Structure formats: structure tokens, C-alpha cells
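Notes follow the structure.
Every number here is computed from the coordinates shown, using simple stated rules; none is lab data. Only a predicted model underlies this, so the values are computations on that prediction, with no experimental measurement involved. Please note: Cβ atoms are built from the backbone with ideal geometry, for glycine as well, and neighbour counts cover all protein chains shown.
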Amino acid sequence: MGRIVVQGGSPLRGSVKVSGAKNAVLPIMAASLLAAGESMICGLPWLADVNTFCRLLAGLGVRCTRLVSERCLLLDCRELESLEAPYEYVRRLRASFLVAGPLLAREKYVRIALPGGCAIGSRPVELHLKGLAAMGAQVQIEHGWVEARADRLQGTSIYLDFPSVGATENIMMAAVLARGVTTIDNAASEPEIVDLGNFLNVMGARVTGMGTRVIRIEGVESLHPAAHTVIPDRIEAGTFMVAAALTGGEVRVENVIPEHMAAVTAKLREVGVHVEEAPAAIRVRGNGHLAACDIKTLPYPGFPTDMQPQFAVLLSLARGTSVITETVFESRFAYLDELKRMGANLRVEGRTAVVRGVRKLQGAQVKAGDLRAGAAMVLAGLAAHGQTEIGCIHHIDRGYEDLVGKLAGLGASIWREDDL
Ligand code: EPZ
């Protein structure tokens, strides 16, 4: 177990290039299972979660070849040797559950461990299973395993009680080879859903409506392998934008799709940060004065829950009182106890956190409870007086490629200390 050490107080300056989107890569890796051939995914972030997903696919019989310098992954799904996704992967990487739809669609069967909860919530999958059952799959849950089988899935109309990202993705991937048309109503509309739909269509699927609340999938007989470059990671981009604002610096964040950042950009401007958009980059300039504002996390295009911890750090230093409401996950405030140890003045009431801005945070020894909480602790260290040590940094490595190197490149005094 290593730790990240940050000496706070340096305004960040310069340019930083955002990597490919983790939450687009993972479902697209699952989608490659739908074609018996070799697909190529490019624009890869080299992350722990991508490595874990490669191991999961290898367990199914997929040959994964990394083209490191090209940032591409070759996935040879010609021969599948197993239709089972074991608990050892699903418990570590919830996105493993996304192989359910593709395996069921291609091989008419899947056996997959039920994902448990995690630091931010119970993370059930009943919307995924309800969708597969609505398409005619026989679904059984026993001893912590889900077994689903279907000779051929049947297109149907599905309404999602909540616009779940994962459920939308699993149902899309199951429906592309179903007989007839499937519509998903109240579907998730995140950019990663659009990217998945674009990849499926390059494979020969007929998916329309991605990015809206109603997605329509016309089933086809078969799909062929494809090549695709994933979209940039909007959450990594937002993390650097907040880092620039927090430290009173000026940073040009490159490899960004500005329209994906609309909610974060609007809120940064609301607290008084200067944000300038270019076609594929965003420049952020902090001016040392931050005004309080209220945040409510919502499904896209609302303010992203994955930016809630990072923004809470910013608001902990804003002048005035801010109210943060987390509507997507039921327990995504645990990290605030760590932030309080750095001098933040806040209290949590259920799904709401009331944050009274303070003049300064103090460096301290803290830990990363989950991926985005870990990133938030790093941001707090950048702004704090003195030195901050962040433990449990394996969480951060899951979703940020070389966060320390990228921040050091912007002038931060930050380094990793891995245990000998
Ligand atoms: C995806 O998770 C992302 N992960 C998450 O990013 C992100 O926070 C989340 O979407 C919301 O945007 C990946 O894409 C790999 P959901 P997912 O299904 O698909 C409830 C990160 O840090 N729900 O939209 O698991 C669920 O409990 C991660 O990169 C049900 O009730 O999210 C939660 O409260 C964290 N039943 C809410 O919906 C279901 O069947 C949102 O979950 C499914 C979900």
C-alpha cells in the first residue's frame, strides 16, 4: 500500500492532457464480446480498472493485447472458453457485471456473481435483471450468483425506474442481437452511453436515441468486430478544473469535449472562477476568491455525482455557506469526515451536506475511501497549509492515470511513497 504526499500552497500553472474515459472504456470492452473477432479500442487510459477488466475477459477466453504506445487494446473474442464472471472480479470491479448482456445475447447464457455494495452505496442490479427478463431471459439468483439463459432475446419496451447508467448499458448490449425492436424509456443519457452506442453501431448494430431519454435498438442477426477511439474522461477533466480553481492557478485542460463539462463549468463560474472554452480544451483561472453555491447531483446532464467530492473541497474554502445534495448514491459523504480532519467546517444531514467555508485547510494524514473521494483528498492537500499524506491510494489508481505526474507537471509539490 502506498501513499501520496502533497505539500500544499502551489498555484497550478500550465497544460494537462486528459486521458480516455474509464466509464466509456469498460462498457465498450464488454461490448467487444458481441462479435466473434478482434476489435480494437484506442484512446485508452492505462488504469487498474482496465487491467482488471482485461483479466476478467481473459478468464472468458478473450485474448487481450495492449498496444501501449498507441494507447490501444486488441480484444480477440473469436473463441469464448467460459461464460462465467467470478466473484473475485465482480467484487473488485462492479463494471464486471456489464458482461451479462453481451454474453447472454451472444451465447444465450451467462453466470455472473452478484456485485456487492461499496463505499458509496448498496449498488443493486435489479434494473439490469428486470430489463433482461423483460426481453425473455430466464433469470435465477442463488447463492450470490445470477444465472440467465435465453434461446433468443425478444425486443420489447422497457421503462427504467431510475436512469441507471449500467442498466442502460447492459440492456443496450443485450438488445442489439434480440429479435425485433427494444426501446429503453427513462434511459441514462451520459456521454459514455453515447460512446457505447456509437461503438455498437460501428459493429453493425442499429441503436438510435443515445443521449436522449429514449433509446431504440433494432435487433440484427450478427455483429462484426470494430475499431473505436473512446471519448475523453469528463470526470478527470473536471478534477483538474477544480484543482486549478482551488489553488488560484491557471490551467489549460486539453483533450476535453466542453459540452460534456457544462454543469461543472456553470458551477465553477457561479463560485467566481474564470472558465474559457476552446474547441477541445478548457482554460480555468482561479482568483483566490470563491463564493459559496449550492450543488445537487443528478443524472446527466445534471451535476455529476462523480464530481461531488472534488467540488465539496472547493466549497469548503468558499466564502459563505453551501448546501450539497447527493441524489444519486445513498452514502457518498463518508469522505467528509476526512475533510473535517483538515479543518473543514461542515455537517451531514442524510443526503445533504451543509458546508461553511473556512479560510484555510490544514495538511493532515487522511485516506482515500473510494476513487473520487481519494481524488478529493489530493485536491484538499493541494490547497492546504502544510503537508498532507493520502493513504489507500489503490482507489485512486483505479480511475486516474498518473494523477501525481500530471499534477506535478502543473507545478504541484506532490509525490508517491510506495511501501518498500
Ligand atoms: C456508473 O455506475 C459509473 N461507473 C459511476 O462511476 C457513476 O457514479 C454512476 O454511473 C452514476 O453516474 C461506471 O460507469 C463504470 P447507476 P453505475 O447504475 O452504472 C441505483 C466512478 O467513480 N441503481 O447509474 O453503477 C444505484 O444504486 C464511478 O467512476 C439501482 O437502484 O451507476 C445508484 O444509487 C462511481 N438499481 C443509482 O442507481 C439498479 O439496478 C445510480 O447507479 C442500478 C442502479
Exercise for the section: Please identify the cysteines of the chain that lack any partner cysteine with a Cβ under 4.7 Å from their own Cβ. Expected result: CYS77, CYS118, CYS293, CYS392
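Given the C-alpha atoms of the chain, compute the convex hull and give its volume per residue in Å³. Present the calculation step by step, with values, prior to reporting the outcome.
Details: hull volume 53.1 nm³, N = 420.
Taking only Cα atoms, the chain has a hull volume of 126 Å³ per residue.
Could you put GLU401, GLU142 in order, starting from the residue whose Cβ has the fewest other Cβ atoms within 10 Å? Write down the numbers at each step before the final one.
On the way: GLU401 20, GLU142 8.
By the 10 Å Cβ count, ascending, the order reads GLU142, GLU401.
For the chain, calculate the relative contact order in percent as a whole number, restricting contacts to Cα pairs under 8 Å that are 6 or more residues apart. Write down the numbers at each step before the final one.
Values: 1058 pairs, mean separation 88.3, N = 420.
Across the chain, relative contact order equals 21 percent.
Report the gain in length on full extension from ALA36 to ALA119: 0.36 nm times residue separation, minus Cα-Cα distance, nm rounded to one decimal.
26.2 nm
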Problem - Cα-centred dipole magnitude for the stretch 304-418, charges only on beta-carbon of K, R (+1) and D, E (-1), debye, nearest 20 - result: 580
Exercise for the section: Over all alpha-carbon pairs of the stretch 15-132, lay out the pair-distance distribution in 10 Å bins, whole %, shortest bin first. Expected result: 13, 46, 31, 9, 1
Fill in the blank from the handout: Going from the fewest other Cβ atoms within 10 Å to the most, one would list TYR159, TYR89 as TYR159, TYR89
Exercise for the section: Among the GluC sites (Glu not before Pro) in the stretch 304-358, which ones are in a DSSP loop with at most 16 other Cβ atoms within 10 Å of the Cβ? Mind listing them? Expected result: GLU330
Exercise for the section: Would you calculate, for the chain, the mean residue ellipticity at 222 nm contributed by helices, counting each DSSP H stretch of 4 or more residues as -39,500 (n - 2.57) and dividing by all residues, to the nearest 500? Expected result: -8500 deg cm²/dmol
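Once the Cβ-Cβ distance between ASP294 and ASP151 is put in as r, and R0 is 41 Å, what FRET efficiency do you end up with, to the nearest 0.05? Intermediate values should be presented prior to the final figure.
Details: r = 51 Å, r/R0 = 1.25.
The computed FRET efficiency comes out at 0.20.
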Fill in the blank from the handout: Spelling it out for SER15: with amide H atoms placed in the peptide plane at 1.01 Å from N, the residues 5 or more places away or on another chain with amide H under 5 Å from its amide H are ARG252
Exercise for the section: Round to a whole angstrom and tell me the spacing of the C-alpha centers of the stretch 165-195 and the stretch 257-308. Expected result: 28
Practice task
Output the Cα-based Rg and Dmax of the stretch 283-384 in Å, rounding Rg to one decimal and Dmax to a whole number.
Solution key: 12.6, 35
Practice task
Could you list, in their original order, any pairs among LYS108/LYS296; LYS22/LYS340; LYS17/LYS130; LYS340/LYS406; LYS22/LYS267; LYS130/LYS267 whose Cα atoms are separated by more than 31 Å?
Solution key: LYS108/LYS296; LYS17/LYS130; LYS130/LYS267
